[in-house]
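Taking it in order: structure first as structure tokens, then the write-up.
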Amino acid sequence: SARRPRWALAMGLYLLGIFMGAIDTGIVTPARTIISDDLGVSEQLGIWMITIYTLAYAASIPVMGKLADRYGRKPIYLLSIALFGIGSLLCGLSQDVGSFEMLIIARAIQAIGGGGILPIATAEFGTSVPPEKRGMALGLVGGVYGVANIFGSSAGSLILNIFGSHNWQYIFY
């Protein structure tokens, strides 16, 4: 019974990481036009702030999973969280700098970090959670990921309403 709270706490932290990485897939959607206008890029070019995140996120999942197999889950998970945080900070700062290029590079950094969270958390659930709870744990991974994707656009809209539509940097902070 002393073991259960330990894996339950770890599961909660991993699910929070999954939520954080997945929410950023859609959080930019309501601000895309505003960001494009503020940074002086066309709508066609502006879509890359969403596309680059999706591409880098998907591409980083197998790479970060392999790195976790080679160097251990904990260091790669911590690296993933750090990359996500640094990328998020740089995304927000791109408004102050007024650079679309910085935003795109920062979104890629953010996505590489976010993409490292998912496979490590899933692998950790597969080995750390007792077998009788494993199905529930892996179901929670899918559920949290799905809810975060759906919630992203609403969260982005809420943040823009609170801070003002031209203070879009706060969706990244």
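What residue among Thr29, Thr51, Thr127 shows peak mean-square fluctuation when the chain is described by a Gaussian network model with Cα springs under 10 Å?
Maximum among the listed residues: Thr127.
Taking 20 °C and 1.002 mPa s as the conditions, I'd like the Stokes-Einstein D for segment 101-173 in µm²/s, using the Kirkwood hydrodynamic radius from alpha carbon pairs.
Roughly 147 µm²/s, to the nearest whole number.
Which whole-number value in Å³ per residue fits the convex hull of the alpha carbons of segment 1-99?
Values: hull volume 11.1 nm³, N = 99.
Expressed per residue, the convex hull around the Cα atoms of segment 1-99 is 112 Å³.
For segment 1-85, with all protein chains present and a 1.4 Å probe, just round the carbon and sulfur fraction of the accessible area to a whole percent.
Within segment 1-85, the accessible surface is 67 percent carbon and sulfur.
Given a Förster distance of 35 Å, report the FRET efficiency between Arg6 and Ser157 from their Cβ-Cβ distance, rounded to the nearest 0.05.
Efficiency computed from Cβ-Cβ geometry: 0.40.
Grab the other residues whose beta carbon is less than 12 angstrom from that of Leu90, score K and R as +1, D and E as -1, and report the net.
Charge balance near Leu90 sits at -1.
So how much slack lies between Leu13 and His166, counting 0.36 nm per residue of separation and subtracting their Cα-Cα distance, in nm?
Gain on extension, Leu13 to His166, equals 51.8 nm.
Between Leu138 and Leu55, 0.36 nm times their residue separation minus their Cα-Cα distance comes to what?
27.5 nm
What fraction, in whole percent, of alpha-carbon pairs in the chain exceed 21 Å separation?
Numbers: 7146 of 14878 pairs.
Result: 48 percent of Cα pairs exceed 21 Å.
The values are calculated or read from the model by the stated rules, or taken from the named source; none is laboratory data. The structure presented is a predicted model; accordingly, all values stated were derived computationally and were not measured. Every residue, glycine among them, receives a Cβ derived from its backbone with ideal geometry; neighbour counts consider all protein chains shown. Note: areas computed on protein heavy atoms with side chains; ligands, DNA, RNA excluded. Shrake-Rupley method; radii C 1.70, N 1.55, O 1.52, S 1.80 Å.
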